[in-house]
Each structure stands twice: as C-alpha cells, then as structure tokens.
Amino acid sequence: PHAPRRSGGVCRVGLVGLSGPGNWGLAASVPLVCQALASLSGRWMLTTLFRPRWMSLVPLTLYLTSAMTVPALIWWSAALTLLPLQAAFFAAVGCWVRYLRGPEARWLTGATASVLAGLMFDVKGILVLPVLVFVVLAYFSAGPLRRRLMHVVRRYWPGAVVGAVVAGGYVLYYLFNVPQILSDANPSVVARIAGGMLGTSFATGALGGLRR
C-alpha cells in the first residue's frame, strides 16, 4: 500500500539529491532548519495563547526535550515529514485562536494554509482539525454541547465552512486515491492498535521512555 504523496518532503529530498553525492552538510541542515521553524512556530503559538510570560517556556521546554519528538531528529526521512507537520500544527492553533478572539479573514486564511501545509507533508495533518474544533468548543463557547455547537456555527460560520470543506475534500481524496490497508481487516484491529498507541506508546513516550 502507498501513502499519499508528500510533496514537501519530496522537494527536500530532490534538493539534497541535486546538490551532489554525499552532501552531508546540506542533508544535516534540512532537519535543523525544520526544527528551528517548528520551535519558533511553537513559541509564537504559546505567546498567542498565554501572552509573553516566562511560564509559556515550560511547555516549550517539554516539547523540545520530550522523547516523543526524538524520531524526528534521529531519522532523516521522518524529519522531512514530522518537523514541518509540527510547525504547521503550532501555526494552525495560533492563527485559529487569533481568529476566534476577533474574527478576521487573515487569521482564518493563516489557519487554513497551515492545515493544508501539514497535509502536504503527512496524512496525520488531518488530525489538526479535531484540535481546532476542541479549542473553539472548550474555550470560546459555553453551555451544553448543543448550545456550544449552535454558537460556533452562528458566530464562526466561515471557519466551520472552511474546515468542513478541507476535511471533506481530503477524506474523499484519501478514500478514492489511496489503497486502504485495512479494507479486509476486522474492525477490532483498529481498537487494538488505538489501545496500544494510547495506552502503551503514548505513556512511555510522555514519560521519557521509562517503562514499568
């Protein structure tokens, strides 16, 4: 089975390839530049969320030192997809929060562009959208879930429309253009995989690789 084409990563591989054989300096600089962009994007997001306070450096430090981000630094091909995806995630959240605070088209455009940029590098970029939905429902609306949804649709309907178009368009593209590896598998396999990822892998990575 093949994953969707990651045009951003392909461009970077082509750049290193065209520079000549054994250009380790350029190859090493690619993840360093991507990490710098992701770090700056994360700092900007935290400043947007919490204002310029020193406490915002705490989650940034956790991000930079977490064992969960190590694969993006020690595996070159992973760096071409994961680091730009992280940068896109931070930028999308920051732009989205600014849009919610005072609906302006430029911030909605920025959030949309960030999500699309993340999708160019990795299929997991689609998971940014549920995070944006959680942010608006949890922090920019009040009351029961139905009332929150109604408030979001009325006040932020341009964002809701754009998000639905992006999500729907990408899901259709994925279903019709990407071979599905679980087409003949038992649905219980998905539950076991999710349980392993959330119950085992996530906890181990969050604790820095410690095991019981």
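The values are calculated or read from the model by the stated rules, or taken from the named source; none is laboratory data. Computed from a predicted model, the values in this text were never measured in an experiment. Methodologically, a virtual Cβ is constructed for each residue, glycine included, from the backbone with ideal geometry; neighbour enumeration extends over all protein chains shown. Side chains are part of the model used for accessible areas, which takes the heavy atoms of the whole protein and leaves out ligands, DNA and RNA. Shrake-Rupley method; radii C 1.70, N 1.55, O 1.52, S 1.80 Å.
Can you give me the number of residues within region 148-177 that are open to solvent by less than 80 Å² (accessible area, probe 1.4 Å), under 21 Å from residue 110 (Cβ atoms) and touching a residue at least 24 places away in the same chain (Cβ under 8 Å)?
Final tally of qualifying residues: 8.
Name the single residue that is surrounded by the fewest Cβ atoms within 10 Å (Cβ to Cβ) among those in region 5-51 being polar (S, T, N, Q) and modelled with pLDDT of 85 or more. Spell out the reasoning first.
Within region 5-51, the subset polar (S, T, N, Q) is 7, 19, 23, 29, 35, 39, 41, 47-48.
Subsequent filtering for residues that are modelled with pLDDT of 85 or more retains 35, 39, 41, 47-48.
Details: 35: 18, 39: 17, 41: 21, 47: 14, 48: 19.
Within region 5-51, the match that is surrounded by the fewest Cβ atoms within 10 Å (Cβ to Cβ) is 47.
Would you call residue 81 open to solvent by 70 Å² or more (accessible area, probe 1.4 Å), under 26 Å from residue 39 (Cα atoms) and under 18 Å from the mean Cα position of the chain (by Cα)? Give the derivation first.
Values: open to solvent by 70 Å² or more (accessible area, probe 1.4 Å): no; under 26 Å from residue 39 (Cα atoms): yes; under 18 Å from the mean Cα position of the chain (by Cα): yes.
Here the answer is no, as residue 81 does not meet what is asked.
Name the one entry in 145, 210, 132, 198 that is under 28 Å from residue 83 (Cβ atoms), at pLDDT 90 or above and either surrounded by fewer than 16 Cβ atoms within 10 Å (Cβ to Cβ) or aliphatic (A, V, I, L, M) (or both). If you could, list the steps in order and put the result at the bottom.
Working: 145 fails: under 28 Å from residue 83 (Cβ atoms); 210 fails: at pLDDT 90 or above; 198 fails: at pLDDT 90 or above.
The conditions single out 132.
Could you list, in sequence order, all residues of region 88-117 that are modelled with pLDDT under 95 and either open to solvent by less than 30 Å² (accessible area, probe 1.4 Å) or of a type in the set (Val, Ile, Thr) (or both)?
Residue satisfying the conditions is 102 alone.
Return the pairs, sorted by first residue and then second, in which the second residue is surrounded by 13 or more Cβ atoms within 10 Å (Cβ to Cβ), the first residue lies in region 47-66 and is outside any helix (DSSP H, G or I), the beta carbons are less than 8 Å apart, and the residues are 6+ apart or on different chains.
Every condition considered, the pairs that remain are 66/205; 66/206.
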